[in-house]
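The values are calculated or read from the model by the stated rules, or taken from the named source; none is laboratory data. What you see is a predicted model; the values in this text were computed from it and never measured. Positions of Cβ are generated from backbone atoms using ideal geometry, with glycine treated the same way; all protein chains shown enter the neighbour counts. Note: accessible area is taken over every heavy atom of the protein model, side chains too, but ligands, DNA and RNA are not part of it. Shrake-Rupley method; radii C 1.70, N 1.55, O 1.52, S 1.80 Å.
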Amino acid sequence: MSVETKTLSKLISEFFWREGFTLATAESCTAGHVAAIITAVPGSSRFYKGGVVAYSNESKETLLHVKKETLESLGAVSEETVIEMVKGAMEALDTDFAVATTGIAGPGGGTHDKPVGTIWVAAGNKGNVLTAQLSGDEGRDMNIQAATTRTLQLLLDLCQKQENEE
């Protein structure tokens, strides 16, 4: 765990403890890394309800309710898919917030249109979903780390936005 992810996780935890919201994760290419960082902070069980590692399209459909049409027309690595993953995680785990990741961590699996390192991440609540796309291949481990860090940053941004609206 990097200093950056540790700091982000601590700030996120403080927000959830203070506000009483709940959180879920839906991960594909990060395979549980985001959940591991969040739960590394003692007391995270007060707000973190669980997560789904949905590596296959089938698990994205059945566990997270990603539409088959979305996967067929836009692919698993798309903004629309990651948004549906966030919404599906909130529904499946009955939470106020969720984060999601989907992408091509590498070293294989890329295409001309979606090369290795193409990753979509999102953080959402009932009223808002923030997304970001990562690109560039720094190697599998670094791609996963970058996606994990960006996901946590998006979640913190969404938490701060929530606080400013209250």
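Stick to Cα atoms and the Kirkwood definition of Rh, then tell me Rg/Rh for the stretch 1-55. Radius of gyration relative to Kirkwood radius: 0.96. Solvent-accessible surface of the stretch 66-166, averaged per residue with a 1.4 angstrom probe and all protein chains in place: 47 square angstrom. Note on Ser73 and Glu165: with the Förster distance fixed at 45 Å, the Cβ-Cβ geometry gives a FRET efficiency of about 0.85.
Dipole magnitude for the stretch 100-166: about 180 debye, using +1 per Lys or Arg Cβ and -1 per Asp or Glu Cβ, origin at the Cα centre.
The calculated pair-distance distribution of the chain uses every alpha carbon pair, bins of 10 angstrom beginning at 0, and gives 12, 44, 34, 10, 1 percent.
With point charges of +1 on the Cβ of Lys and Arg and -1 on the Cβ of Asp and Glu, referenced to the Cα centre of the chain, which listed residue (Thr70, Thr131, Ala100) lies farthest in the positive direction of the dipole? Working it through, the farthest residue towards the positive pole turns out to be Ala100. Near Gly106, the amide H atoms lying under 5 Å from its own belong to Gly117; only residues 5 or more places off or on other chains count, and H is placed 1.01 Å from N. Rounded to whole numbers, the Karplus 3J(HN,Hα) couplings from phi for the stretch 140-150 are 3, 4, 5, 4, 5, 4, 4, 5, 4, 4, 5 Hz, using 6.51 cos²θ - 1.76 cosθ + 1.60 with θ = phi - 60°, and x at Gly and Pro. The HN-Hα couplings worked out from phi for the stretch 66-76 by the Karplus form 6.51 cos²θ - 1.76 cosθ + 1.60 (θ = phi - 60°) are 5, 5, 4, 4, 5, 5, 6, 8, 10, x, 5 Hz, whole numbers, x standing for Gly and Pro.
For Val41, no residue 5 or more places off, or on another chain, has a built amide H under 5 Å of its own. Measuring between their Cα centroids, the stretch 37-55 and the stretch 89-152 lie 17 Å from each other. Between Asp96 and Thr22, Leu23, the built amide H atoms are under 5 Å apart, and every one of these is 5 or more places off in sequence or on another chain.
What value, in deg cm²/dmol to 500, does the helix sum -39500 (n - 2.57) over DSSP H runs of n ≥ 4 give at 222 nm once divided by the residues of the chain?
My calculation for the chain gives -15500 deg cm²/dmol from helical runs alone.
Kindly provide log₁₀ I(q)/I(0) values, in the same order as q = 0.26, 0.32 Å⁻¹, from the Debye equation applied to equal alpha-carbon scatterers of the stretch 118-157. Ignoring solvent entirely, the Cα scatterers give -0.82, -1.07. Could you estimate the translational diffusion coefficient of the stretch 51-106 from the Stokes-Einstein equation, with Rh from the Kirkwood formula over C-alpha pairs, at 4 °C and 1.567 mPa s, in whole µm²/s? Translational D for this selection: 117 µm²/s.
Taking the Cβ-Cβ separation of Ser59 and Met1 as r and a Förster radius of 25 Å, what is the calculated FRET efficiency to the nearest 0.05? Rounded to the nearest 0.05, the efficiency is 0.45. Could you work out what % of the accessible surface of the chain is carbon and sulfur, using a 1.4 angstrom probe and leaving DNA, RNA and ligands out of the count? Solvent-exposed carbon and sulfur of the chain make up 51 percent of the total. Sparse packing (at most 13 other Cβ atoms within 10 Å of the Cβ) combined with a DSSP loop state is found for none of the trypsin sites (Lys or Arg not before Pro) in the stretch 1-32.
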